[in-house]
Amino acid sequence: FFFFQAEDGIRDAQESRGLGDVYKRQRQYNGRMIDLFSQAANLNPNDPDLLSCLAVLHFIARDYEKSLMCFRNALQFDTNNYSLWNKLGATLAHLGRADEAIDAYQKALDLKPNYVRCWVNLGIACGFKKQHNEAVRFYLNALSLNPEARHIWSYLHTEFTCMERFDLLAKSRARRVEEFTDEFEIINFNDLPQPEVDYKVSNAQYLIKAQAENWQKEFEGQIQ
């Protein structure tokens, strides 16, 4: 016999399959959670929070049809929940139903027009449909609210490449949203309610965390 380090301690190789074993136990745990939340939802069928949790658990299990059903049921009891509409849209998108996803995202934005994540999701859905101009506009709207979001700039670069607009790709290197107002209709940040999240602080914390992880990797490389 030989042994190796698993995520929860030293284990016999005959009883484990490394990461495959980890994923298997995660699925089992998620399955137990689904059973428990299903029982709770049966006792409280009008509770949107329970239905939402159950929808997320089904989503994690990649059972998108059941997730969709739960989100829709939750929305019957919490119609003005922008987060639920966004999650419904994301579930529809995973099912390849981009048009329905876009409708759900639009309802979320009607309720919360400064919802950055939803603007991004709209861009992704339009990019999936090869509606690149619309995707660009939605990404720029998101960036007008959070101009330091590197991943959104990356999505924007992908759309410019698909459009073969290499002039816009070059312009985007400066990361100045106002540079694109002559060609795209972009929402004015000052016309919207202030986001609850301070994105400058959030981005700074993310960058500090990323830098710390890089330092850790460099240090580990030096001592190996």
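Taking all protein chains as shown and a probe of 1.4 angstrom, TYR29 keeps an accessible surface of around 130 Å². Of the heavy-atom accessible surface of region 44-105 (probe 1.4 angstrom), what whole percent is carbon and sulfur? Ligands and nucleic acids excluded, carbon and sulfur reach 50 percent. Using Stokes-Einstein with the Kirkwood hydrodynamic radius over Cα pairs, what translational diffusion coefficient do you get for region 38-171 at 25 °C and a viscosity of 0.890 mPa s, in µm²/s rounded to a whole number? This corresponds to a translational diffusion coefficient of 157 µm²/s.
Could you do me a favour and compute the accessible area per residue for region 73-200, 1.4 Å probe, result in Å²? That works out to 53 Å² for each residue. Of the peptides 38-44, 127-133, the order by per-residue mean of other Cβ atoms within 10 Å, starting with the highest, comes out as 127-133, 38-44.
The values are calculated or read from the model by the stated rules, or taken from the named source; none is laboratory data. As the structure is a prediction and not an experimental result, all values here were calculated from the model. No Cβ is skipped: glycine too gets one built from the backbone with ideal geometry, and neighbour counts run over all protein chains shown. Side chains are part of the model used for accessible areas, which takes the heavy atoms of the whole protein and leaves out ligands, DNA and RNA. Shrake-Rupley method; radii C 1.70, N 1.55, O 1.52, S 1.80 Å.
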